[in-house]
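I have placed the structure first, in the form of structure tokens, so that the comments after it can refer back to it.
The values are calculated or read from the model by the stated rules, or taken from the named source; none is laboratory data. Bear in mind that the values here come from a model prediction, so they are computed numbers and not experimental data. Note: ideal-geometry Cβ built from the backbone for every residue, glycine included; neighbour counts use all protein chains shown. Side chains are part of the model used for accessible areas, which takes the heavy atoms of the whole protein and leaves out ligands, DNA and RNA. Shrake-Rupley method; radii C 1.70, N 1.55, O 1.52, S 1.80 Å.
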Amino acid sequence: MSRVIRALLLAASAGLLTTLAGAQSNELNLYSARHYQTDEALYSQFTKATGIKINRVDADDAGILARLKAEGTASPADVILLVDAARLGKGQVEGLFRPIKSPLLEAAVPAQLRAAAGSDGIAWFGLSTRARVVVYDKTRVKREDVDTYEELADPKNKGRVCLRSGSHPYNLSLFGSMLEHLGPAKMENWLQGLKANLARAPKGGDTDQIRAVASGECAVAISNSYYIARLMRSGQAQDQALMSKFEVVFPNQQSWGTHLNIAGAAVARHSKNPQAAIQFIEYLASPQAQTYFADGNNEWPVVASVKTTNAALQAMSGGAFKAETVPVAQVAAHQVRVQQMLDRIGFR
Ligand code: FE
């Protein structure tokens, strides 16, 4: 093809794209694994400020990734909101995202809380953080015996530990972080020890593990911080009763810090309106939006200048805690290797 014809074709297709984008620029299709009232308020604020309407499709992380794959180039999705680094990493590896170029997002979101930069941009950005903390029964366990992740695999905690499935993304991310900190040999030993310490076969979600500590079925469990904050903020008597049955510890305060995970956003690979999609994600990273976005699920904002106003989180962490500084992208990248280890040692 001659250079002139190619240039003409490019110009023509660029014109066509402009027309398509123009026709759709007043709407964004959001596939979201988050569904909170505060998020709703944020979306209507965005619409008010920009005239761009948000159409939301709700599903969980795995459902959204499956749907994007099935829809392929015909997907109407523009913005993707997921609630775990391992899932965001999976979407990236599977080519479901369109890399973002945004100096604003690069300035707002710490490098540690976003995908590694490629030549064509950054695949996803964290928008809020959650800590993976330890919950324990203080009548059965001493705090100093469970205040590091390493100790959960120590024989002194035999028969005490409850955990959701090792293959759940929250645990794949935690284990990916352990692989980063311990190296493969020590990490596999740690997993073996953790498995040997289980009070029961993994089942249920994080809140089920907390309930199992409260009921005495286990003495120690691991949970994302927001599940505990939800219980703390609940007006229900049964939740308050549950709260009185366990203590929370932010592990590894004397070493590398507590494991952090993120909720984050990406632009869909086949978005017809990528500029508006980026504009929307930039809006979610703005100081005004950050507090509401994080608070909607009792999380911490990613933007360093924005402080949480969530009293439950303040009370739980004693105001501040030491978080690990390993890039979440590195942790997410370990998930396949971690799953192979889990399979090898028969950790469900
Ligand atoms: Fe969750």
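A few comments on the model shown:
- Solvent-accessible heavy-atom area per residue, rounded to whole Å², over region 203-276 at 1.4 Å: 37 Å²
- In the full protein context, region 289-339 carries 41 Å² of accessible surface per residue, based on a 1.4 Å probe and ignoring ligands, DNA and RNA.
- Region 51-88 versus region 130-201: alpha-carbon centroid distance in Å: 32 Å
- Among Ala86, Ala70, Ala266, residue whose mean-square fluctuation peaks in a GNM of the chain (springs only between Cα atoms under 10 Å): Ala70
- Computed with a 1.4 Å probe over protein heavy atoms only, the accessible surface of region 61-142 comes to 38 Å² per residue.
- Portion, in percent, of the accessible area of the chain that falls on carbon or sulfur, probe 1.4 Å: 54 percent
- A simple spin-label model places pseudo-atoms 7 Å from Cα toward Cβ; at Ser286 and Tyr36 they are separated by 1.9 nm.
- Within the shell defined by Cβ-Cβ distances under 11 Å, the residues around Val338 carry a net charge of -1, with Lys and Arg each +1 and Asp and Glu each -1.
- Taking a ≥ b ≥ c as the square roots of the eigenvalues of the Cα gyration tensor, region 30-120 is classed as oblate, since a/c reaches at least 1.5 and a/b does not exceed b/c.
- For the pair Val93 and Ala70, a Förster radius of 22 Å applied to the C-beta separation gives a FRET efficiency near 0.80, rounded to the nearest 0.05.
- Simple label model, 7 Å out from Cα along Cβ direction - Asp60 to Ala241, nm: 2.8 nm
- Under 9 Å, Cβ to Cβ, from Thr258 - net charge with Lys/Arg +1 and Asp/Glu -1: +1
- Overall shape: oblate for region 238-348, with the ratio a/c of the largest to smallest alpha carbon gyration tensor axis at 1.5 or above and b/c at least equal to a/b.
- Pairwise centroid distance, computed over Cα atoms, of region 287-303 with region 210-242, Å: 23 Å
- Three-way shape call for region 172-296 based on the alpha-carbon gyration tensor, with the a/c threshold at 1.5: oblate
- Summarising the strand pairing of the chain, around 65 percent of its internal DSSP beta bridges are antiparallel.
- The chain: DSSP helices with Cα axial extent of at least 27 Å and average Kyte-Doolittle hydropathy no lower than -1.0: 3-24
- Under a model in which nothing but the beta-carbon of Lys, Arg (+1) and Asp, Glu (-1) is charged, region 203-293 shows a dipole of about 240 debye around its Cα centre.
- In nm, spacing of pseudo-spin labels at Gln314 and Ala49 (7 Å Cα→C-beta vector): 2.5 nm
- Positive contributions from Lys and Arg (+1) and negative ones from Asp and Glu (-1), summed over other residues with Cβ under 10 Å from the Cβ of Phe293, come out at -2.
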